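Quick notes on the structure that follows.
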Amino acid sequence: MDVQCALDCRSLLGEGPVWDVGEQRLYWVDIKRWQIHRFTPETGADETWPMPEDIGALALREGGGLVVALRSGFYFYDLIDRRLVPAALPEDEPEHNRFNDGNADRQGRFWAGTMDEGEKLPTGSLFRLQPDLACHKMIDGIIISNTLCWSPDSHVMYHGDSGQRTVWAWDFDPATGEIDNRRVFVRTAVADGVPDGATVDSEGFVWIAQWGGWRIVRYDPAGRVARTIMLPVAQPTCPMFGGPGLDILFVTSASIGLDAEARAAQPQAGSLFAVNAGVNGLPEARFRG
Ligand code: BGC
Ligand code: CA
């Protein structure tokens, strides 16, 4: 079997998986249950930490602990003393926005975007948080910021808007974190779902979870479909490589928005899946602030 249910957890909006190579554990969030999760594949244990707001994304910090993108902005979080400390709180974000997908780039900056909760207005942006905690709005006019990841050589940044069913590639300057020359990387067909979270494998191919499309799709660097893996849930949200060989593709999913009939048809909606990917990932970058 290529696809297994790793944790039968029925999250509301499971998202943002990050593999910790040292701990051999998967951190992830349930945006709408306001929780951080930590899954240990070896034992099957899943621990949770409550958050005071929606939690859209997290990254591991190089010196330990986490940086999290809550509804109101960026915070540091210590899992042991359970303390949140504000790192940067962007002003001028509309009330109906919240943070969504985010990731650390390989140079140690943390990026996270916002979305209109109504999923209609282009009020979302993508922010870049530097290790010195300077925070810059890098992209605006986005409905649902998603699909953020970088090529292995860090010369390309991928970023998507689920609301526009589009993922773009940008030239990325690893030394400065500047972006330029946006072009369309992938535009999904309605039946295939909207682009949600993504990760890049060691061959530079991009794995995208396609929300509403029951699938994870591997794209080559030119944006052509290389492989499609169907899942037993309609709303996969984000892939992340993990396991001792970094060759298990963990995939979070969501049960939010499904009516009783849809839930009956996909009883594992919201669970965490493990896919035998046949290729390996790269260790996840850490925030250097
Ligand atoms: C968001 C959801 C949204 C989905 C599909 C996810 O990243 O958290 O709110 O419905 O993308 O666009
Ligand atoms: Ca997402």
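The values are calculated or read from the model by the stated rules, or taken from the named source; none is laboratory data. Source: prediction; values computed, not measured. Note that we place each Cβ from the backbone using ideal geometry, even for glycine, and neighbour counts take in every protein chain shown. We work out accessible area using only protein heavy atoms, side chains counted, and drop any ligands, DNA or RNA first. Shrake-Rupley method; radii C 1.70, N 1.55, O 1.52, S 1.80 Å.
Just so you know, the Cα atoms of the range 52-123 work out to an Rg and Dmax of 12.6, 39 Å.
Summed over the residues of the range 48-179 and divided among them, the accessible surface reaches 38 Å² per residue at a probe radius of 1.4 Å.
Positive-end ranking of GLY270, PRO232, VAL200 along the dipole of the range 170-272, with charges on Cβ about the Cα centre, is headed by PRO232. Placing unit charges on the Cβ atoms only, positive for Lys and Arg and negative for Asp and Glu, gives the range 67-144 a dipole magnitude near 260 debye about its Cα centre.
Normalised by the number of residues in the range 49-101, the average gap of Cα pairs under 8 Å and 6 or more apart makes the relative contact order 33 percent.
Sort the chain into rounded, prolate or oblate with this rule: let a ≥ b ≥ c be the square roots of the eigenvalues of the Cα gyration tensor; rounded if a/c is under 1.5, and if a/c is not under 1.5, prolate when a/b is larger than b/c, oblate otherwise. Can you show the working numbers first?
Numbers: a/c = 1.21, a/b = 1.11, b/c = 1.09.
Note, shape of the chain comes out rounded.
Kindly identify the range 1-159 as rounded, prolate or oblate by the Cα gyration tensor criterion: order the square roots of the eigenvalues as a ≥ b ≥ c, call it rounded if a/c is under 1.5, otherwise compare a/b with b/c, prolate if a/b is larger, else oblate.
Since a/c stays below 1.5, the shape of the range 1-159 is classed as rounded.
Taken over the alpha carbons of the range 172-289 as equal point scatterers, the Debye sum produces base-10 log I(q)/I(0) values at 0.12, 0.14, 0.23 Å⁻¹ of -0.48, -0.64, -1.30. Based on C-alpha pairs under 8 angstrom that are at least 6 apart in sequence, the chain has a relative contact order of 19 percent.
Rounded, prolate or oblate, given the Cα gyration tensor of the range 1-92, with a/c below 1.5 counting as rounded? Don't skip to the end; give the middle numbers.
Working: a/c = 2.15, a/b = 1.54, b/c = 1.40.
Because a/c hits 1.5 or more and a/b exceeds b/c, the range 1-92 counts as prolate.
Working from label points 7 Å from Cα in the Cα-to-Cβ sense, the ASN181 to THR228 distance is 3.1 nm.
Got a number for carbon plus sulfur as a percent of the chain's accessible area, 1.4 Å probe?
50 percent
Within the chain, which is the longest segment containing none of the GluC sites (Glu not before Pro) that sit in a DSSP loop and have at most 10 other Cβ atoms within 10 Å? After excluding every exposed loop site, the longest remaining stretch is 96-289.
Here the gap between HIS136 and ALA45, fully extended at 0.36 nm per residue and compared with their Cα-Cα distance, gives a gain of 29.0 nm. With contacts taken as Cα pairs under 8 Å at a separation of at least 6 residues, the range 5-87 carries a relative contact order of 18 percent.
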